[in-house]
């Protein structure tokens, strides 16, 4: 196919969810990758480069998808990229432990006009299950190269690259054994192909287009209808109407093909052993114990934050921010007051306070990375299914919601995996109520300042947040969506050991994003807050910010908060970390040299502090999240509704918390 030349070999990675495709991509590309969106789509695109001998590979990570039937944007993107961009090789990553299920996507890839290599991942897990896969037999049966791999240990990567180079440069040897349609529909398929033959766009295989029309693929049918003469379309439409069960015939052909592959290459144990996954799932997916496991994991995360993250945060505050503040004070002793104030109070006090989040965010990202990698996320969705049903959703909605613990932006974008438009919209509307890592970091910073048992308080606030999420979804579903419900079908992947390199790369990317935000958005907001809190006279009590904040103070009094705390809430709209940056500026942390936590604990009562924490957790999301809500819903009406709903909810929640806590404390 491809002679040795200067241009890189283009490789597309395809695979179903939970087969280790992202691990393979990260192993191949490392830090040489970039993330964006597919042209005209909101689906994430990941691409990167890797090198093997004298060759360069441009690797594209296609969206994870169970099939290529264009039922979702991910499926459509995957197949359109393969057909139109024609990469040199498509590597189909499959799970050796669930090979029968994973081969369905391979069955759809083989008829496409691009060479396919099967990456047989998790062979170690298959062996633990008692499965023996004869790789050479599977390769002969499929007619395509098969590379056994254990991506979590980096095994098989060099062999994979070697086979990619071999196939890309010598495609004449490529002869796939593609599945066929069920015998009783072969003549029907040929008839459709004859009718459309002269009108199929040149980049599309004619037999594949005919198969998709027979299968009832909406996108391909809509593409072909205006291209066909009336008599040809009438013929095609008549066949489709006469054989409405044709999709079953297509799928049956694929499953029969998969059955032949499995019988040829897989030796199963005589008696199915009780595996580690089975034993763990007795607890992790139990209706009661599963919830306790999930609650324990969240509680452990907060305990680690306070046991490890809080002391490290204090060290950073003392030996990094404190020393920088002292050095700046000495260096700027003769500088104009406004320059000293800008640097010490605005930049060091604001951004420095946020940078002390670093250890806390690191712990959150490590825990989330491990949970994602070992396969627990799907169990969390499973045990949360009954609560999702209260909102008219199902457990699948919990997956994007769970991502919200890292950041609400990918959480909302992740709602694209939900097929129902109504369920997808409802998931988007409640997603901002999931406390992101930035909001949890604010809680982790403030809770120890006010309470003797910060872990219990944080766990309680987080639990309240999730309860409010469920109740909000229930109300929106009953009032707006009239109480519609959906069924839940979901695959639970096998547990496996986490891959250190993959988790490290994910953590590194998230921390870089945080540092980028601290150096841009938070820096700008800190400077603006400092300027507004200084101008026009240099006295914060008579500043523009104080004047604006006092307009909000009547609302704040209902929660026991002064204008400074209300301003901190408002600036969190830009980025949640701005809460600490704003408070650091407004309370003069850089100037006084006293830690923000100490100042706040001596200024506000525990009831007011608890009200602030509740309000902060329920408050409108950051501007990036609001932008994504508009992008994903394509509606200003739903975006404004979401912002107003959360604003009212947060202020009401803070007011009730303060009033009840004050009453109980008397």
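Read-outs: derived from the displayed coordinates by stated rules, not from any lab. Note that the coordinates shown come from a computational prediction; the quantities given were computed from them, not determined experimentally. When we count neighbours, we look across all protein chains shown, and the Cβ atoms used for this are built from the backbone with ideal geometry, even at glycine.
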Problem - Contour minus Cα-Cα distance for residue 338 and residue 55 (0.36 nm per residue) - result: 96.2 nm
Practice task
Take the Cβ-Cβ distance between residue 170 and residue 241 as r, set R0 to 51 Å, and report the resulting FRET efficiency rounded to the nearest 0.05.
Solution key: 0.65
Practice task
Report, for segment 54-173, the % of DSSP beta bridges that are antiparallel, rounded to 5.
Solution key: 10 percent
Practice task
At 7 Å along the Cα-to-beta-carbon direction for both residue 100 and residue 186, put a label point, then send me their distance in nm to one decimal.
Solution key: 2.6 nm
Handout entry: Using a Förster distance of 35 Å, the FRET efficiency for residue 279-residue 421 (Cβ separation, nearest 0.05)
Key = 0.35
Exercise for the section: When you have a sec, figure out the Kirkwood radius of segment 183-267 from all distinct Cα pair distances and drop it here in Å to one decimal? Expected result: 13.7 Å
Fill in the blank from the handout: Exposure proxy check on 628, 91: fewest-to-most Cβ neighbours within 10 Å is 628, 91
Handout entry: 15 Å reach of a label modelled at residue 630, 7 Å along Cα-to-Cβ, counting backbone N of segment 553-586
Key = 574
Problem - Peptide ranges 368-380, 230-242 listed from the most packed, as the mean C-beta count within 10 angstrom indicates - result: 368-380, 230-242
Fill in the blank from the handout: Extension length gain for residue 288 and residue 511 (0.36 nm per residue less Cα distance), in nm, is 76.8 nm
Handout entry: Equivalent ellipsoid semi-axes - Cα gyration tensor, segment 93-133, angstrom
Key = 23, 9, 6
Handout entry: Gain upon complete extension [residue 474, residue 555; 0.36 nm per residue less C-alpha separation]
Key = 26.4 nm
Handout entry: Pairwise label distance in nanometres, residue 267 with residue 307, each label 7 Å out on the Cα-Cβ vector
Key = 4.6 nm
Exercise for the section: Apply the Debye scattering formula to segment 9-173, with a single equal point scatterer on each alpha-carbon and no solvent, then give log10 I(q)/I(0) at q = 0.19 Å⁻¹. Expected result: -1.28
Handout entry: FRET efficiency, 1/(1 + (r/R0)^6) with R0 45 Å, evaluated for residue 222 and residue 544 via beta carbons
Key = 0.20
